[in-house]
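S.K.: First, the structure itself, so that you have it in front of you.
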Amino acid sequence: MAVQRTFSILKPDATERNLTGAINALIEKAGLRIVAQKRIRMTREQAETFYAVHKERPFFGELVDFMISGPVVVQVLEGENAVLKYRDVMGATDPSKAADGTIRKLHAKSIGENSVHGSDAPETAAIEIAQFFSGNEIVG
Ligand code: DAT
Ligand code: MG
């Protein structure tokens, strides 16, 4: 498996509780390298575009409102098998189903306010990275 990149967001429930460092420690301990990172406030349009795949789901409005409710930290993570590795580090979407030691088990508040986003495939990772970072902001 080659070195891959994946896209990560530390969501508003995580920044609000000052968990950026705690979550980054779990990311780095798993062998993933943070090769780009910035703290931003998403616009409603950015959040709607980012989660467009979920626009027909009943929770879409709530999800967008949550993502713009406070600052987020957007990141590019790099490493062997980074996409699946980060999904493992994150844990299941619903924190009550997440494995011990995962970010969501340790920190998520609920299925909606679940602390982190990670891309689900290399193809979506590339699209998501390009939505938030230009090439010269990523330093591998
Ligand atoms: P993941 O973030 O694990 O990739 P997803 O892509 O299925 O999960 O959903 C995107 C986000 O939408 C998820 O992180 C939180 C929210 N969400 C998903 N299912 C939900 C539900 N049943 N109720 C409320 N929010 C939900
Ligand atoms: Mg997803």
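S.K.: Show the residue pairs that are 6+ apart or on different chains and have beta-carbon atoms under 6 Å apart, the first residue being within the stretch 70-98 and within 15 Å of ligand 2 (Cβ to nearest atom) and open to solvent by 40 Å² or more (accessible area, probe 1.4 Å), the second being outside any loop (DSSP other than H, G, I, E, B) and not polar (S, T, N, Q).
M.R.: Arg87/Gly118
S.K.: Residue under question is Glu128, and the condition is that it be within 13 Å of ligand 1 (Cβ to nearest atom) and in contact with a strand residue (DSSP E or B) (Cβ under 7 Å, 6 or more places away or on another chain); does it hold?
M.R.: It is true that Glu128 is within 13 Å of ligand 1 (Cβ to nearest atom) and in contact with a strand residue (DSSP E or B) (Cβ under 7 Å, 6 or more places away or on another chain).
S.K.: Hey, among Ala82, Ala92, Ala121, which residue is under 16 Å from Ile27 (Cβ atoms) and among the aliphatic types (A, V, I, L, M)?
M.R.: The conditions single out Ala82.
S.K.: If only one of Glu28, Glu45, Glu62, Glu56 is surrounded by fewer than 18 Cβ atoms within 10 Å (Cβ to Cβ), among the charged types (D, E, K, R) and assigned to a loop (DSSP other than H, G, I, E, B), which one is it?
M.R.: Glu56
S.K.: Given the structure, is Thr124 at negative phi, within 14 Å of ligand 2 (Cβ to nearest atom), polar (S, T, N, Q) and not in a loop (DSSP other than H, G, I, E, B)?
M.R.: For Thr124, the condition - at negative phi, within 14 Å of ligand 2 (Cβ to nearest atom), polar (S, T, N, Q) and not in a loop (DSSP other than H, G, I, E, B) - is met.
S.K.: Residue by residue through the stretch 43-59, note down the ones that are more than 17 Å from the chain's Cα centre (by Cα) and within 11 Å of ligand 1 (Cβ to nearest atom).
M.R.: Arg57, Pro58, Phe59
The values are calculated or read from the model by the stated rules, or taken from the named source; none is laboratory data. Worth saying up front: this structure is predicted, and the values here are computed from it rather than measured. Glycine also receives a Cβ, built like all others from the backbone with ideal geometry; neighbour counts cover every protein chain displayed. We work out accessible area using only protein heavy atoms, side chains counted, and drop any ligands, DNA or RNA first. Shrake-Rupley method; radii C 1.70, N 1.55, O 1.52, S 1.80 Å.
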